[in-house]
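The structure appears right after this line, and notes come after that.
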Amino acid sequence: MAKSARNAAQGRRSRRWVWVLALVALLLGAGAWAYSGSISGNAQAGTAYMARVACSCRFVSDRSLEDCGKDKLDGMELITLVEDAEEKSVTARFPLIAGNTARYREGYGCVLDKWED
């Protein structure tokens with residue numbers, strides 16, 4: 001009888017953890033939904049900034065892309081940079097949310113590609 005009481009108590013505890021995890025997931029989802037506009041806007045601005053800065057660093061200052069990555073501001077650690085040497089462009093991406101490309105144009109320096117909504 002003691003074993004069945006112990007098993008029942010363990011079952012209640014494990015169900016409680018499922019409810020706690022479900023509640024945490026629900027709260028995280030609600031927070032992500034509530035702030036999605038702000039997150040998306042900041043990701044767009046950050047990738048646009050980083051693409052232009054890295055493009056200038058790479059094709060105007062002639063530094064390596066790895067060295068240009070050191071110019072990231074605090075909070076931009078998730079932004080990745082990809083160079084296309086043939087096109088003289090740098091693309092900055094924030095995972096699953098935003099990406100922008102800047103291209104070197106003679107006489108203008110690095111210019112962002114047009115955004116498409």
Whole-Hz couplings from phi, Karplus 6.51/-1.76/1.60, listed for the stretch 55-70; x for Gly and Pro: 4, 5, 4, 6, 9, 9, 8, 6, 9, 6, 5, 4, 5, 5, x, 6
Within the chain: Cβ-based charge dipole about Cα centre, in debye rounded to nearest 20 (Lys, Arg +1; Asp, Glu -1): 1360 debye
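Less than 12 Å Cβ to Cβ from Gly46, Lys/Arg counted +1 and Asp/Glu -1: what total charge do the surrounding residues give? Intermediate results must be reported in sequence, preceding the final value.
On the way: positive: Arg52, Lys72, Arg93; negative: Asp74, Glu77.
Cβ neighbours under 12 Å give a net charge of +1.
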Evaluate the relative contact order of the chain (contact order divided by residue number), counting alpha-carbon pairs under 8 angstrom at least 6 apart; express in whole percent. 23 percent
Long-range amide H partners of Asp113, meaning residues 5 or more apart or on another chain whose placed amide H is closer than 5 Å, are Thr101, Ala102, Arg103
Can you compute the radius of gyration and Dmax for the stretch 44-112, using only the Cα atoms, both in Å? 10.8, 34
Mean shadow area (nm²) of the C-alpha convex hull around the chain is 11.2 nm²
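None of the figures in this text is laboratory data; all of them are computed from the coordinates on show. Small disclaimer: the values here were computed from a predicted structure and weren't measured. All Cβ positions, glycine included, derive from the backbone under ideal geometry; neighbour counts span all protein chains shown.
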